[in-house]
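Here's the structure, in structure tokens; my notes come after.
FYI, it's all coordinate maths here, none of it is from the lab. Please read these numbers as outputs of a predicted model, since none were measured by experiment. In this analysis, Cβ positions are derived from the backbone assuming ideal geometry, glycine residues included, and neighbour counts consider all displayed protein chains.
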């Protein structure tokens, strides 16, 4: 495993190359660190597994430029579902160089692994599954779901629910018949709760693709209401992350001087690409502010052109009321 000193943009890619890494398991954020600003290729990498957040096509493309023989596997899951429960595989650039062009900006969560289903359920009528392209809430149907949350009975009832699409009693009756055929019950039945067809309510929004794969579109509990408009913070963050000069981002609701709610997006620029972008457009900051300068005023001045470009990018993707009023550049997100 790389040392703490090696987990930096250029250094991490160099570590992969020097050590001939063939497989890696990362969060999308760590993947951005791996490819951000890197120039060293690591062709020995064969498989890269990602889980823990939305995976963006831009980052996959950059990964395959550095690792042309790498197959990218995007996985979906949470602790409550016993980690990853679905996957979507992207062939290596060497196998299918144009495959990423066929995908949208967000890599699909894919299909359930063995004995797992991802169900996209209508949020207004939970008795129906959504049609292709229709947004709904993702429920996970699997035998390996967690039992619940310790000492949080109400939350457990809300998140772990019986599968109302099937008659669970049929499994119970089958199990009873099986027990009758045995001379004595198995010892583990002392702890057995019986056959249960349960669903985990993920809180994630998603939709079916025409090919049957599921893609995530945001969070059901990340919706806010500002000036009468319902806004999905996750949708804003998804579009922000697609800007080529934005490495990390998060959108929050803050109160302005009049105590009115307003959208504020915090962005961490891809510094190397940003510097090249500024140079190409002859927009170098005449103040020559050092990268060590971390005052709010200095950052707002230094990244003025970037903030303008990001805002124009969002205006082309979102309705006017969903474009953040304030964009705050940061050199890094705080860890605590």
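Label-to-label distance for residue 98 and residue 166 is 4.2 nm, based on points extended 7 Å past Cα in the beta-carbon direction. Projecting label points 7 angstrom from Cα along Cα→Cβ for residue 280 and residue 123 puts them 3.7 nm apart. With neighbour counts taken as other beta-carbon atoms within 10 Å, the residues 42, 50 rank, fewest first, as 42, 50. When each of the peptides 90-103, 195-208 is scored by the mean number of other C-beta atoms lying within 10 Å of its residues, the order from highest to lowest reads 195-208, 90-103. Can you classify the stretch 70-167 as rounded, prolate or oblate using the Cα gyration tensor, where a ≥ b ≥ c are the square roots of its eigenvalues, rounded means a/c under 1.5, and otherwise it's prolate if a/b beats b/c and oblate if not? Prolate, since a/c reaches 1.5 and a/b exceeds b/c. The protection proxy used here, the mean number of other Cβ atoms lying within 10 Å of each residue, ranks peptides 79-85, 214-220, 271-277 as follows, highest first: 214-220, 79-85, 271-277.
Modelled this way, with points 7 Å down the Cα-to-C-beta line, the labels at residue 177 and residue 53 are 5.0 nm from one another. Seen against the Cα atoms of the chain and their longest principal axis, helix 57-66 is set at about 70 degrees.
Divide by every residue of the chain the summed helix terms, -39500 (n - 2.57) for each DSSP H run of at least 4, and state the resulting mean residue ellipticity at 222 nm, rounded to the nearest 500 deg cm²/dmol. Intermediate results must be reported in sequence, preceding the final value.
Working: 9 runs with 86 residues, N = 336.
Calculated from helices alone, the mean residue ellipticity at 222 nm is -7500 deg cm²/dmol.
Axis angle, to the nearest 10 degrees, between helix 271-280 and the longest C-alpha principal axis of the chain: 40 degrees.
How long is the gain from residue 221 to residue 209 if the chain were fully straight, where each residue apart is worth 0.36 nm and the alpha carbon distance is subtracted?
My answer for the length gained is 2.1 nm.
With springs connecting C-alpha atoms under 10 Å apart, model the chain as a Gaussian network and identify which of 323, 166, 120 has the largest mean-square fluctuation. Greatest mean-square fluctuation among the candidates belongs to 166.
The alpha carbon gyration tensor of the chain gives principal lengths a ≥ b ≥ c with a/c of 1.5 or higher and a/b greater than b/c, which makes the shape prolate. Averaged over residues, the count of other Cβ atoms within 10 Å places the peptides 12-18, 68-74 in the sequence 68-74, 12-18, highest first. Please work out whether the stretch 222-329 counts as rounded, prolate or oblate from its C-alpha gyration tensor, where a ≥ b ≥ c are the square roots of the eigenvalues and a/c under 1.5 means rounded, while otherwise a/b larger than b/c means prolate and anything else oblate? It comes out prolate by the Cα gyration axes.
Convex hull volume of the C-alpha atoms in the stretch 4-107, normalised per residue: 94 Å³. Expressed to the nearest 5 percent, the antiparallel share of DSSP beta bridges inside the chain is 75 percent. Between helix 304-315 and the chain there is an angle of about 40 degrees, using the helix long axis and the longest principal axis of the Cα atoms.
Only beta bridges with both residues in the stretch 222-329 are counted; by DSSP, about 75 percent of them are antiparallel.
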